[in-house]
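Here the structure comes first, spelled out in structure tokens, and everything after it is commentary.
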Amino acid sequence: MSFYSEISKYYDYIFPVGENQLNFIKDCAGSPGGKILDVACGSGGYSIELAKAGYVVTAVDLEDEMIEKVKLKAAENSLSINAFKCDMRELEEKIRERFDAIFCIGNSLVHLSNLKEITGVLAKMRRLLKEKGCLVLQTVNYDRIIKYNLDGLPTITNDEFGLEFIRKYKFKKENNTIEFNTSLRIKRGDSHEEYNNSVELLPLKSDELAAALHEAGFATFDFYGDFKYSVYTEDSPSLVVRAR
């Protein structure tokens, strides 16, 4: 079984919906009834909650397993969510409508290969927004990762479901990439399972993202250190963006 097939079954227990994240997205989207696009939606936790709150939601992800989870949860909750597989680099090719808000959180943007790709995707997102539409982004704060040469993030544990999710970083200065190694460990009674994955990420720094947003055509944008609107510094755990 593939890593993503396995992780899709436990995704909600590893990455539960956060109230601060949800409220931040709602603030950006405005009153219920507006259209929202969830890019790299994972198993759709935020899409489900936003649909419950009365927003019209479209959800896309690169992984088939994640889209199936979104569709299943939408059906179980009698919700209408337009969920389908889509590479974020193909947003304009596959989506024709415009949105009041678009969000891409969970460190997804840095799976792109280079700054040119990131700028191109941001430009597509801008063109998919309505006039005065709002974009929300969130990545790990790579200014902090590189400054302190951090080798990972805190392990996520869920004792109720007997799982731990280990996340390790290895910065490769020679080609400006980060090797992101993850292990999903599951304990069921006396049995133990482990699923490992490794992917290269782009260590996107705050000044690089600011330049990309400007080049992509966003008129204004603000950086925060978390979803509580804390002031962003290079020591913040996250880089959260609200752009218009």
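List of remarks:
- Sites ASP27 and ARG167 - FRET efficiency at Förster radius 30 Å, r taken between beta-carbons, to 0.05: 0.60
- Absence of a disulfide-compatible partner, taken as no other cysteine beta carbon within less than 4.7 angstrom, is noted in the chain for CYS41, CYS86, CYS104.
- Cα-centred dipole magnitude for segment 30-100, charges only on beta-carbon of K, R (+1) and D, E (-1), debye, nearest 20: 280
- Measure of compaction for the chain (Cα Rg per 2.2 N^0.38 Å): 0.99
- Over the chain: helical MRE at 222 nm, DSSP H runs n ≥ 4 each giving -39500 (n - 2.57), nearest 500: -9500 deg cm²/dmol
- Kirkwood Rh in Å, taken over all unlike Cα pairs in segment 73-181: 16.9
- Largest-first principal axis extents, alpha carbons of segment 51-122, Å: 40, 26, 22
- Relative contact order (percent, whole number), the chain, Cα cutoff 8 Å, 6+ residue spacing: 18
- Exposure rank, largest accessible area first [MET125, MET88; 1.4 Å]: MET88, MET125
- Principal axis box of segment 1-48, alpha-carbon based, largest edge first, Å: 41, 19, 12
- The residues ASP143, ASP159, ASP100, ASP27, sorted by heavy-atom accessible surface at 1.4 Å with ligands and nucleic acids left out, run ASP159, ASP27, ASP100, ASP143 from largest to smallest.
- The mean sequence distance of close C-alpha pairs (under 8 Å, at least 6 residues apart), as a share of the length of segment 130-216, puts its relative contact order at 22 percent.
- For segment 198-224 and segment 58-88, distance of Cα centres in Å: 26
- Cβ-Cβ FRET estimate between LYS147 and SER183, R0 fixed at 25 Å, reported to 0.05: 0.45
- With contacts taken as Cα pairs under 8 Å at a separation of at least 6 residues, segment 4-79 carries a relative contact order of 32 percent.
- Rounded to 5, percent antiparallel among DSSP beta bridges of the chain: 65
- Given charges at beta-carbon only (K, R positive; D, E negative), |dipole| of segment 1-125 in Debye: 260
- Heavy-atom accessible surface of segment 12-149: percent carbon and sulfur, 1.4 Å: 45
- Candidates per chymotrypsin sites (Phe, Trp or Tyr not before Pro) in segment 160-244, loop by DSSP, up to 15 other Cβ within 10 Å: TYR229
- Per residue solvent-accessible surface (Å²) - segment 6-147, probe of 1.4 Å: 42
- Sparse-neighbour loop sites [chymotrypsin sites (Phe, Trp or Tyr not before Pro); segment 73-157; at most 13 other C-beta within 10 Å; DSSP]: TYR148
- Between ASN20 and LYS132, the C-beta separation translates, for a Förster distance of 25 Å, into a calculated FRET efficiency of about 0.60.
- Cα-Cα pairs of segment 1-97 separated by more than 24 Å (percent): 17
- Extreme residue, positive dipole direction of segment 94-244, given options TYR148, GLY189, GLY133 (C-beta unit charges): GLY133
The values are calculated or read from the model by the stated rules, or taken from the named source; none is laboratory data. Owing to the predicted nature of the structure, the values given are computational and were not obtained by experimental measurement. Cβ: placed from backbone, ideal geometry, glycine included. Neighbour counts: every protein chain shown. Each accessible area value is taken on the protein alone, full model and side chains, heavy atoms only, with ligands, DNA and RNA left out. Shrake-Rupley method; radii C 1.70, N 1.55, O 1.52, S 1.80 Å.
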